[in-house]
Each structure stands twice: as structure tokens, then as C-alpha cells.
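Nothing in this text is a laboratory measurement; each read-out follows from the coordinates by a stated rule. Just so you know, these numbers come straight off a predicted model, no measurement behind them. As a convention, Cβ positions derive from the backbone with ideal geometry for all residues, glycine included, and neighbour counts pool all protein chains shown.
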Protein chains: 2
Amino acid sequence: MGRWEPNARERLAKAALDLYSERGYEQTTVAEIAGRAGLTERTYFRHYADKREVLFGGSDVLRELFVTAVAETPGSAAPIDAVAAGLETVAAEFVDREHSRKRQSVIAANAELQERELIKLASLSAALAEALRGRGIGEPAASLTAEAGIAVFKIGFERWIVAAEERTLAELMRESLVELRTAVTAGGQVGETAVM
Amino acid sequence: MGRWEPNARERLAKAALDLYSERGYEQTTVAEIAGRAGLTERTYFRHYADKREVLFGGSDVLRELFVTAVAETPGSAAPIDAVAAGLETVAAEFVDREHSRKRQSVIAANAELQERELIKLASLSAALAEALRGRGIGEPAASLTAEAGIAVFKIGFERWIVAAEERTLAELMRESLVELRTAVTAGGQVGETAVM
């Protein structure tokens with residue numbers, strides 16, 4: 001291992017996002033990212049396995065925060081309220097809307113990155129379902145509640161990065177959860193309607 | 001184009017799934033799949049772009065069926081009921097549980113195939129949201145309802161292929177929708193609880 005570089009991980013992530021944004025993901029090399037950050041390729045590969053992973057460096061932290069918040073919600077809370085508490089905790093981590101917008105544009109322009117983003121969300125959903133089972137929730141309720149939480153996270157996030165949007169991510173997630181409740185309960189109960 | 005081969009597409013799909021199941025996805029070549037189906041590699045590539053796509057040949061049909069059913073549900077139906085009608089239509093297409101089990105095992109064993117499956121579901125969700133917007137549903141309700149529908153589809157399907165499960169896919173999807181309704185409404189309304 002080489003000498004310690006202060007904030008190397010963060011500097012590399014910022015340099016990568018800037019370059020991907022300016023030149024495109026495919027046109028950028030690891031050497032260029034390291035150069036922009038004032039670091040070596042060797043240092044880059046100590047922190048990230050490849051060009052793609054530098055955009056997903058926060059995924060593990062996000063999942064851990066989400067799962068811990070769900071686990072620490074009082075046992076008397078309904079599963080969806082535990083998930084809502086997790087969403088609040090996660091939302092508080094997203095403070096730089098411009099950064100998130102930039103990252104989303106880079107991802108939207110590349111199929112490989114979109115796949116990686118879908119994997120991140122699927123892994124988040126699986127971890128959430130496990131945390132709910134840890135609270136004694138059975139299946140399929142745990143998985144369905146987790147999927148509902150991820151839907152709220154995803155749609156809330158998409159709304160948050162829309163140009164000119166001024167509400168906070170927490171506000172938009174709360175609203176999205178209310179909208180989801182309204183949407184799934186608006187219909188007739190199964191078996192009572194002609195449709196299903 | 002060569003001469004017409006009766007049911008070539010289906011024969012190739014069946015041969016591929018059998019071989020992936022017996023030898024593993026990575027250990028199987030297109031030449032072997034074509035050989036097992038009694039066809040040439042040339043014929044294979046007229047039907048499928050690569051080794052992966054042969055497992056996803058039904059995705060477009062599935063999406064089209066789902067979207068059409070949603071669009072054709074009477075305009076007075078709530079969005080979630082239109083989605084439920086779509087789920088009924090789609091469920092009726094899954095008649096061979098053993099085939100679905102085999103396919104799922106192959107996919108579960110390979111990260112690349114899991115990614116492709118996630119993309120299929122994301123594309124299904126996007127098409128569903130568009131069909132709901134076509135019914136005059138605004139955002140974020142359209143996207144949230146679509147995500148809820150895909151969650152029910154995914155979890156219902158996972159339950160359907162569990163060993164010894166005897167209920168139909170339609171029954172399990174209906175149950176999953178009821179469970180989802182219960183799960184998201186069980187909590188306190190946002191703003192009224194200490195949790196959120």
C-alpha cells in the first residue's frame with residue numbers, strides 16, 4: 001500500500017463524476033480520473049474496482065443506514081412506519097441536489113450504469129425485507145413492504161432532482177408514500193369488483 | 001434467409017433452457033443449443049441476438065399483453081384495478097410451472113441473467129406507468145401504481161414457483177395485492193405518528 005492520501009476516495013468520486021459529466025462515461029479513462037484528482041491509477045484501484053464502481057461508492061453506506069433505521073424503530077411500529085423511518089434517515093443523507101442531478105444524467109445516458117443502478121435498488125429491497133423479517137414480519141408482507149419502500153424511495157428521488165423542484169427529499173418521499181397509500185387503496189377490494 | 005423451420009423459435013428456447021439447466025448457462029454454447037434443437041447456428045441468430053436473449057423471448061409479448069389489458073379496462077376503474085386486470089391477463093399466460101421453476105433456477109445462478117431480469121421488470125414498470133398516464137392518471141400516481149403492480153407481479157411469481165405450492169399464479173397475485181394494501185395502510189398516516 002502506498003502512502004495515505006487524504007480524502008482520496010471522495011476526491012476520486014468527484015473527479016470521476018465531473019469527467020463523466022463533461023466528456024461522457026465511455027470517453028473517460030481511469031488514468032484521467034486519477035490525474036484530475038491529483039492521484040495515481042494505483043490509488044484509484046485501491047478504492048474502486050473499476051470505472052463503474054466509483055459512481056456507486058455510497059451504496060453500502062446507504063443500505064446500512066436504511067437497515068439500521070428500520071431495525072431501531074420501536075417494535076410497536078407498523079412495518080410500513082419502520083420503512084418510513086428508514087426513508088427519513090436515508091433522505092437526510094442527500095444534501096447536494098446538484099451532485100445527484102449530475103450523477104443521474106450520467107447514469108441515464110449509459111445502459112451498463114442503469115443496470116448497476118437497478119441492482120443497487122434490488123439489493124436495497126432485499127436488505128430491507130430481511131430487516132423486516134428481523135422484526136418478526138412474515139412473508140410475503142416483508143418483501144411487499146420492502147418493495148413499496150423502494151418504490152417510494154425511487155419515485156421520491158426522481159421527483160427531487162427535477163429542475164426547479166424545491167421541496168426536500170424527505171418531503172417528497174413522505175408525499176410519495178401518501179400517494180402510494182391512496183393509489184393502492186383507491187380500487188375495489190379484490191373479489192368485490194368486476195375487474196379482478 | 002434460409003428455409004422456414006416450423007416452431008424454430010420455441011424449439012430453440014426449449015433446447016436452451018434444457019441445456020442451461022443440465023450444464024449451466026456459462027458452459028453451454030449456441031452451437032450446442034442449435035444442435036439440440038436440430039437447427040443451425042444461423043437459424044439461432046435469426047431468432048435471438050445472443051445466448052442471453054433466448055431466456056427473455058417472451059418479454060415483449062408479456063409487456064404488450066399487460067399494457068393492452070390496462071388500456072382496455074373501463075375508464076371508470078381505479079388505476080390499481082386496471083393494473084389488477086393486467087395482472088390477471090398476464091397470470092393466465094403462465095401455465096407451465098415446471099418451466100418457470102427451471103428458468104428461475106438458471107437465472108438465479110448467474111449475475112448477468114439477474115441483471116437482464118431486473119431490466120425486464122423495470123421496462124415493464126415503465127410501460128405500465130405510460131399506460132396509466134394514457135388513462136389520464138397524473139404523476140407520481142401513475143409511476144407509484146405501476147411500481148406497486150410490478151411488486152405484486154414479482155412477489156406473486158416468486159411464491160408461485162416455490163416447491164409444493166399449488167395455488168395458481170392469479171390467486172397468488174390477488175393475495176399479494178391484498179397483502180400490499182394491508183401493509184401500506186397498516187401504518188399511521190404521515191404526520192400523525194412519531195415515527196415519520
Just one of B:90, B:152, B:95 is surrounded by 21 or more Cβ atoms within 10 Å (Cβ to Cβ), more than 10 Å from chain A (Cβ to nearest Cβ) and under 15 Å from the mean Cα position of the chain (by Cα); which is it?
B:90
Working only within the range A:120-143, note down all residues that are closer than 21 Å to residue A:161 by Cα and among the basic types (Lys, Arg).
A:120
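With the condition kept exactly as written, say whether any residue in the range B:2-25 is polar (S, T, N, Q), on the phi < 0 side of the Ramachandran plot, in contact (Cβ under 8 Å) with a residue 24 or more places away in the chain and surrounded by 19 or more Cβ atoms within 10 Å (Cβ to Cβ).
Taking every residue of the range B:2-25 in turn, none turns out to be polar (S, T, N, Q), on the phi < 0 side of the Ramachandran plot, in contact (Cβ under 8 Å) with a residue 24 or more places away in the chain and surrounded by 19 or more Cβ atoms within 10 Å (Cβ to Cβ).
Taking the conditions exactly as written (out of contact with any His (no Cβ under 9 Å at 6 or more places or on another chain) and surrounded by fewer than 18 Cβ atoms within 10 Å (Cβ to Cβ)), does residue B:67 satisfy them or not?
No, not satisfied.
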Return only the number of the condition from (1) more than 9 Å from chain B (Cβ to nearest Cβ); (2) in contact (Cβ under 8 Å) with a residue 40 or more places away in the chain; (3) not hydrophobic (A, V, I, L, M, F, W, C) that residue A:166 does not satisfy.
(2)
How many residues are within 25 Å of residue A:165 (Cα to Cα) and in a helix (DSSP H, G or I) when one looks only at the range A:96-119?
16
So which residues in the range A:130-150 are free of Cβ contacts under 8 Å to residues at least 60 places away in the same chain and part of a helix (DSSP H, G or I), if there are any at all?
A:133, A:143, A:144, A:147, A:150
